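Let me begin by presenting the structure, written as structure tokens, before commenting on it.
Read the figures in this text as sums done on the coordinates, not as results from a lab. What you see is a predicted model; the values in this text were computed from it and never measured. Cβ: placed from backbone, ideal geometry, glycine included. Neighbour counts: every protein chain shown.
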């Protein structure tokens, strides 16, 4: 096994997320970072995208997931997103997600939630 990390930084997604009444009826930008730990042995040997987790596919799945659902809290969105990635991709052992919500508080500060989930934990919950 050859462990590796595949990731995406600063994926901008427009979705409904928030607990305030005005947030429940409009889309707003969320910035997403995703990192997955996986075995990259096959793709290293083959140099074939079919043997790895394609980051374009991952970006499309993350975008669709957050746009199709509506969450109140970043924490819940991050948790469910991690679980969705683990369920879709058996190659993934661990997933780390950071969701940032620019403009949610006054000034230049950006609130965020970072979450890490392991396949083992997901399997234990089943």
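The table for this structure:
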{"item": "Normalised contact order of region 24-94, rounded percent, pairs of Cα under 8 Å and 6 or more residues apart", "result": "41 percent"}
{"item": "Efficiency of FRET from Cβ geometry, residue 1 and residue 31, R₀ 41 Å, rounded to 0.05", "result": "0.80"}
{"item": "Length-normalised contact order for the chain - Cα pairs under 8 Å, 6+ apart - percent", "result": "26 percent"}
{"item": "Exposure proxy ranking, count of Cβ atoms within 10 Å, fewest first, for 58, 11", "result": "11, 58"}
{"item": "Residues 113, 62, 34, 44 arranged by fewest to most Cβ contacts within 10 Å", "result": "44, 113, 62, 34"}
{"item": "Rounded to 5, the percent of DSSP beta bridges in region 3-105 classed as antiparallel", "result": "95 percent"}
{"item": "Virtual paramagnetic centre 7 Å along Cα→Cβ of residue 93, amide N under 16 Å, in region 9-52", "result": "35-44"}
{"item": "Region 3-105 - convex hull of the alpha-carbon atoms, volume per residue in Å³", "result": "87 Å³"}
{"item": "C-alpha long axis of helix 74-88 to longest principal axis of the chain, angle in °", "result": "30 degrees"}
{"item": "Inter-centroid distance (Cα atoms) of region 1-69 relative to region 82-126, Å", "result": "10 Å"}
{"item": "Sorted by Cβ density within 10 Å, fewest first, the residues 39, 48", "result": "48, 39"}
{"item": "Gain in span if fully extended, residue 112 to residue 67, counting 0.36 nm per residue against the direct Cα distance", "result": "14.4 nm"}
{"item": "Length gained when the stretch residue 24-residue 51 is fully extended (0.36 nm per residue, less Cα-Cα span)", "result": "5.7 nm"}
{"item": "Crossing angle, helix 55-68 versus the chain [Cα axis fit, 0-90 degrees, rounded to tens]", "result": "30 degrees"}
